[in-house]
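Asker: Could you have a look at this structure, given as structure tokens, before my questions?
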Amino acid sequence: MAQPKEQKQSTSSWKWRGLRYIIPFVICIENFLVFGLLYNYSILFLSFQEEFGTGAAFTGWLGSLANSLTCLASPLTSSLLQRTGSRVVLVVGHAFMFTGVMLTSVIPNLAYGILTFGILTGVGANFIMYTSFVLLLVWFKDSNYCRANGLLAFSPLLTVCISRYGWRNALRIISGVILVFGVAFGLVLVDPPTNEKETCIKNDEAHLGDDIPEVVPLTEDGVDIGNNLQVTIDRTPENQSLCEELKEHHEDLTRQKQQKKCCFSSDHYELLDMMKSFEPWVWSIGLILSLMGWTFFTINFASFMDGRGLNRDQISLVIMLFAVGEIVGKVSIAAIGDNLPFQRIYVVVASMLLGTAALSFMAFVYTLEQMIALAVAFGFIRSGLYGLSNAATVELFADTYTTNGVVIMSMVPYGVGILLGAPLSGGLYDITGDYILSLVVIGAIFVCCSMLYLAIPIRRRLRARGVCCKPTTTPVRL
């Protein structure tokens, strides 16, 4: 006998509610697998150098490429999500990661790792990370810090596997785990009911059209002149040029409206607008430089500690405690981040300045205890950037650009900065034989970042007072 309609709806409601509580746990394990491997590349860095005898710049750039593609491949992932759905993209992402990590375990030369670890693993990680992030945004309001938890748990695990089985067998074990969990979790991580997604899309589309006048269809004798106004013109030879000019104006308005609506999928119009604006450039360059500096701790930190005489187990312990410091910082941000009496960008600035101060102590650190104290401090300081940069981007630009535009402004600079960071530190190490010069350059970069970030609120204050630039008629938060 068929179930009553109310009973079917109740069953469906309980199904989605139960899935809602499972998804955070699943995504936490996803991030444990993905970022646990990529964010601990500095441990693989040592193994690759010992096996292949490559320089620090090239060895580090391999991990930098994989980490950067977790952000730079986002436009591709976004396009695939619109065409196939979350489940397919997740399964394909795990397949890419499995293939990349497995093939890396058999490479005879590190150059092959550019394709296997750098591209395949990096793109696969982006498929998983981006899709998980989108699902969390749709299902929930925040993503809880799964990346930091993955780093915390994976660092000793990766070191134990390498110490006991060698790095090649360790990668084979990890690739098998990625494949098994990828297939299993691909059945769980699905899109929510369509009405929630439709609401999100409608909100974005409503925002897109705010600054474009509504285009009223032309009548036989009327020509639209914008702002919902039409004029009626006698189509005489004397008025022909005016009619043509107004008609072109109408067509231009229509084209702008269509481009704005299309921005949700292609971003072409919005990207052009960003490229012509001062503040997006300053913010993006600041993020690129920030990630160039902090990438040192993802790629080269283990090599730095190895040069100071620490063994593999001690290095693993320091990296794990670095993650502890970052988690403490992010939890603190979660507790007070929404109630700050000032803009979040000032926390990002403080993170860069404190990072500059802490870098000055690294030249004098040699013992395990000193390294642990400094690592915990650096983890806590880095949480100011990693924990608040996305929220700061939203706070600064959400009223100007769409959700998709804000995400692009958050993720693409991250990818570019990570891609450039490892060659900078590794190249200077290859030239000097030490990381001291790299640390000095990173400190200078952090100071420049702080100045770039501060330029945005200072400029807004001056514009609001009409001191410089064109006074704005749109209220801006100071």
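The values are calculated or read from the model by the stated rules, or taken from the named source; none is laboratory data. This one's a predicted model, so the numbers in the text were calculated from it and none came from an experiment. Please note: Cβ atoms are built from the backbone with ideal geometry, for glycine as well, and neighbour counts cover all protein chains shown. In case anyone asks, the SASA skips ligands and DNA or RNA and just uses the protein heavy atoms, side chains included. Shrake-Rupley method; radii C 1.70, N 1.55, O 1.52, S 1.80 Å.
Asker: Could you tell me which numbered condition Ser10 fails, if it satisfies all but one of (1) of a type outside the set (Val, Ile, Thr); (2) over 20 Å from the mean Cα position of the chain (by Cα); (3) at pLDDT 85 or above; (4) surrounded by fewer than 22 Cβ atoms within 10 Å (Cβ to Cβ)?
Answerer: Every listed condition holds for Ser10 apart from (3).
Asker: Here is a check on your reading of the model: is Thr121 modelled with pLDDT of 90 or more, over 22 Å from Asp430 (Cα atoms) and among the polar types (S, T, N, Q)? Lay out the reasoning, then the answer.
Answerer: Working: modelled with pLDDT of 90 or more: yes; over 22 Å from Asp430 (Cα atoms): yes; among the polar types (S, T, N, Q): yes.
Yes.
Asker: Could I ask something else about it? Residues to consider are Ala350, Ala334, Ala323; find the one that is part of a helix (DSSP H, G or I), more than 29 Å from Thr400 (Cβ to Cβ) and open to solvent by less than 70 Å² (accessible area, probe 1.4 Å).
Answerer: Details: Ala350 fails: more than 29 Å from Thr400 (Cβ to Cβ); Ala334 fails: more than 29 Å from Thr400 (Cβ to Cβ).
Every option except Ala323 fails the conditions.
Asker: Now a separate question. Quickly run through the range 367-387 and pick out the residues that are outside any helix (DSSP H, G or I) and at pLDDT below 90.
Answerer: Gly387
Asker: A further question follows. Since Phe304 meets every condition but one in (1) in a helix (DSSP H, G or I); (2) without any contact (Cβ under 8 Å) to a residue 60 or more places away in the chain; (3) over 21 Å from Leu72 (Cα atoms), which condition does it not meet?
Answerer: The single condition Phe304 does not satisfy is (2).
Asker: Moving to a separate point now. Only one of these is open to solvent by less than 60 Å² (accessible area, probe 1.4 Å), at pLDDT 85 or above, outside any helix (DSSP H, G or I) and not charged (D, E, K, R): Ile107, Ile128. Name it.
Answerer: Exactly one residue qualifies, and that residue is Ile107.
Yes/no matrix, rows are residues, columns are (1) modelled with pLDDT under 90; (2) under 18 Å from the mean Cα position of the chain (by Cα); (3) surrounded by fewer than 22 Cβ atoms within 10 Å (Cβ to Cβ):
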position: Cys28; (1), (2), (3): yes, yes, yes
position: Phe32; (1), (2), (3): yes, yes, yes
position: Leu38; (1), (2), (3): yes, yes, no
position: Ser42; (1), (2), (3): yes, no, no
position: Phe52; (1), (2), (3): no, no, yes
position: Cys71; (1), (2), (3): yes, yes, no
position: Leu81; (1), (2), (3): yes, yes, yes
position: Val88; (1), (2), (3): yes, no, yes
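Asker: Still on this model: Which condition from (1) modelled with pLDDT under 85; (2) out of contact with any Pro (no Cβ under 9 Å at 6 or more places or on another chain); (3) over 22 Å from Val407 (Cβ atoms) is the one that Ser265 breaks?
Answerer: Result: Ser265 fails condition (3) only.
Asker: Give just the number: which of (1) within 23 Å of the chain's Cα centre (by Cα); (2) under 30 Å from Ile456 (Cα atoms) does Ala323 not satisfy?
Answerer: Only one criterion in (1) within 23 Å of the chain's Cα centre (by Cα); (2) under 30 Å from Ile456 (Cα atoms) is unmet by Ala323, namely (2).
Asker: To continue, here is another question. Would you pick out the residues in the range 299-325 that are small (Gly, Ala, Ser), over 24 Å from Leu424 (Cα atoms) and out of contact with any helix residue (DSSP H, G or I) (no Cβ under 7 Å at 6 or more places or on another chain)?
Answerer: Those that are small (Gly, Ala, Ser), over 24 Å from Leu424 (Cα atoms) and out of contact with any helix residue (DSSP H, G or I) (no Cβ under 7 Å at 6 or more places or on another chain): none in the range 299-325.
Asker: Tell me, please, whether a residue that is touching a residue at least 40 places away in the same chain (Cβ under 8 Å) and surrounded by fewer than 21 Cβ atoms within 10 Å (Cβ to Cβ) can be found in the range 379-389. Please lay out each step first, then the result.
Answerer: First pass over the range 379-389, keeping only residues touching a residue at least 40 places away in the same chain (Cβ under 8 Å): 379-389.
With surrounded by fewer than 21 Cβ atoms within 10 Å (Cβ to Cβ) added as a condition, the list becomes none.
No, the range 379-389 has no match at all.
Asker: Now for a different question. May I ask you to list the residues in the range 354-367 that are open to solvent by 40 Å² or more (accessible area, probe 1.4 Å) and farther than 20 Å from Ile327 by Cα? Walk me through how you get there before you give the answer.
Answerer: If we filter the range 354-367 for residues that are open to solvent by 40 Å² or more (accessible area, probe 1.4 Å), which is where we start, we get 354, 357, 360-361, 364, 366-367.
Once the filter is applied, which keeps residues that are open to solvent by 40 Å² or more (accessible area, probe 1.4 Å) and farther than 20 Å from Ile327 by Cα, the range 354-367 yields Ala357, Ser360, Phe361, Phe364, Tyr366, Thr367.
Asker: Out of curiosity, is Gly60 assigned to a helix (DSSP H, G or I), touching a helix residue (DSSP H, G or I) at 6+ places or on another chain (Cβ under 6 Å) and surrounded by 24 or more Cβ atoms within 10 Å (Cβ to Cβ)? If you could, list the steps in order and put the result at the bottom.
Answerer: Working: assigned to a helix (DSSP H, G or I): yes; touching a helix residue (DSSP H, G or I) at 6+ places or on another chain (Cβ under 6 Å): yes; surrounded by 24 or more Cβ atoms within 10 Å (Cβ to Cβ): yes.
Considered against the rule, which asks whether it is assigned to a helix (DSSP H, G or I), touching a helix residue (DSSP H, G or I) at 6+ places or on another chain (Cβ under 6 Å) and surrounded by 24 or more Cβ atoms within 10 Å (Cβ to Cβ), Gly60 comes out as yes.
Asker: Hey, another quick one. Would you mind finding the one in Ile456, Ile436 that is touching an Asp or Glu at 6+ places or on another chain (Cβ under 7 Å) and touching a residue at least 24 places away in the same chain (Cβ under 8 Å)? Steps first, please.
Answerer: Numbers: Ile436 fails: touching an Asp or Glu at 6+ places or on another chain (Cβ under 7 Å).
One residue alone meets the criteria, Ile456.
Asker: Does Thr402 fit the bill of being farther than 26 Å from Leu65 by Cα, surrounded by fewer than 17 Cβ atoms within 10 Å (Cβ to Cβ) and of a type in the set (Val, Ile, Thr)?
Answerer: Working: farther than 26 Å from Leu65 by Cα: yes; surrounded by fewer than 17 Cβ atoms within 10 Å (Cβ to Cβ): no; of a type in the set (Val, Ile, Thr): yes.
Judged against the criteria, Thr402 is not a match.
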